[in-house]
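Student: Take a look at the following structure, please.
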Amino acid sequence: MTDMTIDRRELADFLRRSRERVRPQDAGLPAGPRRRTPGLRREEVAHLAAMSADYYIRLEQARGPQPSPQMLAALARALRLSNDERDHLYLLAGHRPPAGPAAGDHVAPGLLHLLDQLTGTPAQILNDLGDVLAQNLMARALLGGVCTVSEHGRNVVWRWFTDPDARTAYPEEEHDHYSRLHVADLRAAFGRRGGDAAATRLVERLSAASEEFADLWVRHEVAVRRLSRMRVLHPVVGRLDLDCQVLLAPEGDQRLVIFTPPPGTDMGERLALLGVVGTEQFAPMEMDIDMEMGMGMGME
């Protein structure tokens, strides 16, 4: 899909310099004894990418038409570009880069280590569909636990729309707002994934189980969660207004969510109180964060 402006001058320069970095033997071509051009010749790139030499030459001269995503994919293979270089090529040509490989449910050890260091701050790791992959004790104390027996038991969107208890910790007047946030974020993930089996299955089950979800889904609202404010009515420490900072992994399908007190409020004191009294029920438990399938009741 074309959704940006092509930068012909930068595209031409990047193609030329990328071509000069590829040795003929690396591309399966004979080096030849009388090669004056460093790297590949223009005609060789065109041959490897299965396009006309004239078309490729015009691209390097910054006067060609906008290449299609399929042509860019062929050029990326011919020039032996890395994923980062391929994405740069797409952007210069005025196209969104293709989605990279998903991280899935395996959380990187470094991310888990970071989560483990946030002992005084609620934090958890979710995938882009809303499955909670790991959480610390403070997040459990703030948002509660999860049942993983059902198919989508650890999924925050599923719980929000199918379990009435999932909404009791949030002001009733904000439920509609949270519902739209959940659906808009899931719609963004559905688009990035190209409607893969996992995303399709979740959306189908939600549409069948919740009329509210089905009505919101057809609106096609899209919004990736990054930074927002949420309010939790905690039974021990009372109302907590928290900022939700969302840190996305490079793959885009995992996120670390950190709940912090807004500056200039007494929420830091209440959060500290939660750290003292709210985690006592979890402290004796033996926890392996990598295996813990905790669940936040509403990630905004």
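Student: Sort out which residues of segment 5-14 are within 20 Å of Asp84 (Cβ to Cβ) and either of a type in the set (Asp, Glu) or modelled with pLDDT under 90 (or both), and write them in order of number.
Tutor: Our first condition is that a residue be within 20 Å of Asp84 (Cβ to Cβ); within segment 5-14, this holds for 6-7, 10-14.
Selection gives Asp7, Glu10, Asp13.
Rundown of residues vs (1) farther than 30 Å from Pro97 by Cα; (2) within 17 Å of the chain's Cα centre (by Cα), yes/no style:
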| residue | (1), (2) |
| --- | --- |
| Gly194 | no, yes |
| Arg201 | no, no |
| Ala209 | yes, no |
| Arg219 | no, no |
| Val222 | no, yes |
| Leu227 | no, yes |
| Met230 | yes, no |
| Val236 | yes, no |
| Ala249 | no, yes |
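Student: For Asp253, all conditions in the list (1) in contact with a strand residue (DSSP E or B) (Cβ under 6 Å, 6 or more places away or on another chain); (2) over 21 Å from Trp158 (Cα atoms) hold save one; what is the number of the exception?
Tutor: Only one criterion is unmet by Asp253, namely (2).
Student: Next question. Quick one: would you say Asp176 is more than 22 Å from Leu142 (Cβ to Cβ) and over 17 Å from the mean Cα position of the chain (by Cα)?
Tutor: In short, yes.
Student: May I pose another question? Counting only residues that are under 30 Å from Asn127 (Cα atoms), give me the helices (runs of 4 or more DSSP H) lying completely in segment 14-107 with at least 2 of them.
Tutor: Numbers: elements: 42-48, 53-60, 69-78, 83-92.
Here the list reads 69-78, 83-92.
Student: Tell me, please, whether a residue that is under 15 Å from Asp131 (Cα atoms), assigned by TED's automatic domain parsing to the domain that holds Ala139 and surrounded by fewer than 15 Cβ atoms within 10 Å (Cβ to Cβ) can be found in segment 233-253.
Tutor: yes
Per-residue answers, yes or no, for (1) surrounded by fewer than 14 Cβ atoms within 10 Å (Cβ to Cβ); (2) at pLDDT below 85; (3) assigned by TED's automatic domain parsing to the domain that holds Asp87:
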| site | (1), (2), (3) |
| --- | --- |
| Arg16 | no, no, yes |
| Leu29 | no, yes, yes |
| Pro38 | yes, yes, yes |
| Asp54 | yes, no, yes |
| Gln66 | no, no, yes |
| Pro69 | no, no, yes |
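The values are calculated or read from the model by the stated rules, or taken from the named source; none is laboratory data. All figures in this text were calculated on a predicted structure; none of them were measured in a lab. Here the Cβ is made from the backbone with ideal geometry for all residues, glycine too, and neighbour counts use every protein chain on show.
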